[in-house]
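No value in this document is a laboratory result; all are computed from the given coordinates. Quantities reported herein were computed from a predicted structural model and do not represent experimental measurements. Neighbour counts are summed over all protein chains in view; Cβ atoms, including those assigned to glycine, are modelled from backbone coordinates with ideal geometry.
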Amino acid sequence: MALEKIVFKGIDIPGNTDLKVYEEHGGYEQWKKILKDKITPEEVIEIVKKSGLRGRGGAGFPTGLKWSFVPQNTKKEKYLLCNCDESEPGTFKDREIIEKSPHQLIEGMLIAAYAFQGGVSYIYFRGEFVKGWKICEAALAQAREAGYIGENILGSGWNHQVWTHRGAGAYICGEETALINSMEGKRGEPRIKPPFPAVEGFYKSPTIVNNVETLTAVPKILENGPEWYHQWGTERSTGTKLWSCCGHISNPGVYEVPMGYSMKKFFEEELGGVWKDRALKAVIPGGSSTPAMTPEEFFACKMDYESIAEHGSMLGSGGMIVMDDQTCLVEVAEVLAQFYHHESCGQCTPCREGTGWVHRIIQDIERGQAQPDVKNVLFTVFDEIFGNTICPLGDSIVMPIKSLMDKWPEEFDYYIKEGKSKITGKARRPKKKEMPDNWRREKPFNYPKTEDYYTDFSKTAHSN
Ligand SMILES: Cc1cc2nc3c(=O)[nH]c(=O)nc-3n(C[C@H](O)[C@H](O)[C@H](O)COP(=O)(O)O)c2cc1C
Ligand code: SF4
C-alpha cells in the first residue's frame with residue numbers, strides 16, 4: 001500500500017502555492033489562533049517540546065529545546081534563519097516543500113519566531129534554487145498582503161518581517177554558522193562554537209537556524225497536538241520524516257514515512273526494490289556524508305535515528321542513495337572525495353589538505369598507480385581529519401569512504417592489486433605520464449620580457 005503524506009500533505013495539493021488554496025485547507029489558522037487566543041510563546045515552545053520534534057537538517061537536535069535557549073533578557077533583535085541551502089548529495093526534500101507548499105513553511109516560521117520572540121526572519125536559499133525562491137517570494141507577497149506578516153499582525157500588536165536571501169551556491173553555507181557569515185556578506189566559513197547561534201549568531205544577536213522541513217512541520221503539530229505527532233515513531237524519534245530516495249531503485253522520489261517504519265517494507269513496497277531486477281549492494285541512507293550500509297544492515301533497521309545508528313549509519317537528512325551490484329565502490333569513493341574536497345572552505349588544515357589527499361590517492365588507485373601500503377595511508381589521513389576540524393565537513397568525507405573500505409575491502413584490494421575495477425574490469429583513469437627526473441630544468445619557464453608589455457604608441461590609431 002502506498003504511504004500517504006500526513007504532515008506534508010500540502011505538497012500533493014494542486015495549486016497549494018497559492019494563498020487561497022492553502023487557506024481552503026486550513027492554512028494560517030494556527031497562526032491566527034495563536035494571536036487571537038493570545039497563546040503565550042512559552043506555551044508554543046512547550047507544545048513543540050512535547051511533540052518530540054527534532055531538527056531535520058541532519059543533526060536531529062530537539063527543536064523546542066533549541067528555541068528555549070534564546071535569551072529573553074536582551075535588547076538585541078532576535079532572528080530566525082530558515083536553512084534552505086540543501087546541497088548534500090542525495091538530499092532533495094526541502095526543495096519539494098518550497099516549490100509546492102511554501103505557505104506552510106512561512107506559517108511555521110511565523111509561529112517559530114513568535115515562540116522565541118524573534119522580530120525578523122530570513123529564508124536562506126541555495127543560489128541554484130531560483131524556481132523555489134521565486135515561488136517563495138510570490139507566497140511571501142501574498143502573506144504580507146493578507147496581513148499575516150508585517151506590522152501589528154491581524155491587530156495583535158505583534159510585528160514580524162520575513163525576507164529571503166540568496167546564497168551563491170556553496171555546500172558549506174548549509175552549516176549554520178557559515179550560513180550566518182554568508183548572510184552578513186562574509187565568506188561562507190563556519191565559526192567555532194560556542195558561542196552557539198541561539199546566544200550569539202546573526203550580527204552577534206540571538207539567532208535560531210532551522211531546517212525547512214523542521215519549520216514546515218510546526219503548524220500541523222500546533223493544529224493536532226503533540227500526542228497526535230507522538231503516535232508515530234519511537235520514544236526518541238517521533239512523528240514522520242521526509243525521505244528523498246534516489247539511485248538504482250524503481251521509484252525514486254520524496255516520501256513521507258512514519259518514524260520507526262520497517263526499512264525493508266518501505267524499500268520493497270514504496271521504492272519498488274532495486275531497478276532492472278538487479279541485487280542490492282550498498283545504501284547511503286542519510287545523505288552523502290553518512291556511512292554506507294550493507295544490505296543486511298539496511299534491511300534489518302527501522303527508519304528512525306536510533307535504529308539506523310544501531311545498524312551502522314545515520315539518519316542525517318534522509319537522503320537515501322541506493323547502489324546496485326554493478327556499482328564500483330572505488331568509483332563511488334572517488335566521486336564523494338571529489339565533492340568534499342571541492343566544498344571544503346579551507347579554514348582547517350586537516351580538512352583543506354586532507355580532503356585533497358584522499359581524492360588524489362583514490363584517483364591514483366583508479367589509474368592502477370596506487371602507492372605502496374595505500375590503504376594504511378588512507379586510514380592514517382582519515383584519523384588526522386576526523387574530529388580535528390571546526391565543522392563536521394571534515395568528518396563527512398571520512399565516514400562514507402571509510403565505511404566503503406571497511407565493509408567492501410575486497411573491491412579496494414582488487415583495484416589496488418590488479419590496477420582495474422573488480423566490477424567494470426577497467427581502470428577508470430589513464431595512467432599518469434612518467435616525468436623525467438630533470439623535467440623542470442629541461443623546460444625552463446619562459447619569463448616574459450619587458451618588451452612583451454611595451455606598446456608602440458606611434459603605431460596606434462590616436463598617435464596623430
Ligand atoms: C557541512 C554542513 C552542511 C549542512 N547543510 C545543511 C543544509 O543544507 N540544510 C540544513 O537544514 N542543515 C544543514 N546542516 C546542518 C545545520 O548546520 C544545522 O544543524 C541545521 O540547519 C539546524 O536546523 P534543524 O535543527 O532544524 O535541523 C549542515 C551542516 C553541515 C556541517
Ligand atoms: S572542516 Fe572543512 S569546511 Fe569545516 S571549517 Fe574546517 S575547512 Fe572549513
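Data table
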read-out: Global size of region 26-147 as Cα Rg and Dmax, reported in angstrom; value: 14.9, 43
read-out: Fewest-first ranking of L140, L329, using other Cβ atoms within 10 Å as the exposure measure; value: L140, L329
read-out: For the chain, alpha-carbon Rg and Dmax in angstrom; value: 25.6, 88
read-out: Neighbour-count order for Y122, Y171, fewest beta carbons within 10 angstrom listed first; value: Y122, Y171
read-out: Under the Karplus curve 6.51 cos²θ - 1.76 cosθ + 1.60, θ = phi - 60°, whole-Hz ³J(HN,Hα) for region 25-37, x wherever Gly or Pro sits; value: 9, x, x, 6, 5, 5, 5, 4, 4, 4, 6, 5, 7
read-out: FRET E, pair K276, E42, Förster distance 56 Å, beta-carbon r, rounded to 0.05; value: 0.55
read-out: Residues with amide H under 5 Å from that of M293, placed H, sequence gap 5 or more; value: V283, I284
read-out: Rg to Rh, two decimals, where region 115-211 supplies the alpha carbon set and Rh follows Kirkwood; value: 1.01
read-out: Derived scalar couplings ³J(HN,Hα) [region 213-219; Karplus, 6.51 cos²θ - 1.76 cosθ + 1.60; whole Hz; x for Gly, Pro]; value: 5, 4, 5, 5, 6, 4, x
read-out: Likely footprinting exposure, E334, E310, E4, E107, fewest C-beta neighbours within 10 Å first; value: E4, E310, E334, E107
read-out: ³J(HN,Hα), Karplus 6.51/-1.76/1.60, whole Hz, each residue of region 368-381, x for Gly, Pro; value: x, 10, 5, 6, x, 6, 5, 5, 5, 4, 4, 5, 5, 4
read-out: Cα Rg over Rh - region 329-418, Kirkwood; value: 0.95
read-out: Members of K50/K134; K131/K402; K9/K265; K5/K265 lying beyond 28 Å, as alpha-carbon distances in this model show; value: K50/K134; K131/K402
read-out: Cα gyration tensor shape for region 10-230, rounded if a/c is under 1.5, else prolate or oblate; value: rounded
read-out: Protection proxy ranking of 180-189, 209-218, 252-261, 389-398 - average other beta-carbon atoms within 10 Å, highest first; value: 209-218, 389-398, 252-261, 180-189
read-out: Other-chain or far-sequence residues with amide H under 5 Å of I123's (modelled H); value: C82, W163, T164, H165
read-out: Fraction of antiparallel bridges per DSSP, the chain only, in percent to nearest 5; value: 45 percent
read-out: Hits among aspartates and glutamates - C-alpha to C-alpha of K38 under 19 Å, sequence gap 8 or more where chains match; value: E29, E46, E107, E151, E223
read-out: Estimated 222 nm signal from helices in the chain, with DSSP H stretches of n ≥ 4 weighted -39500 (n - 2.57), rounded to 500; value: -11500 deg cm²/dmol
read-out: Whole-Å distance, taken between Cα centres, linking region 357-436 and region 83-159; value: 42 Å
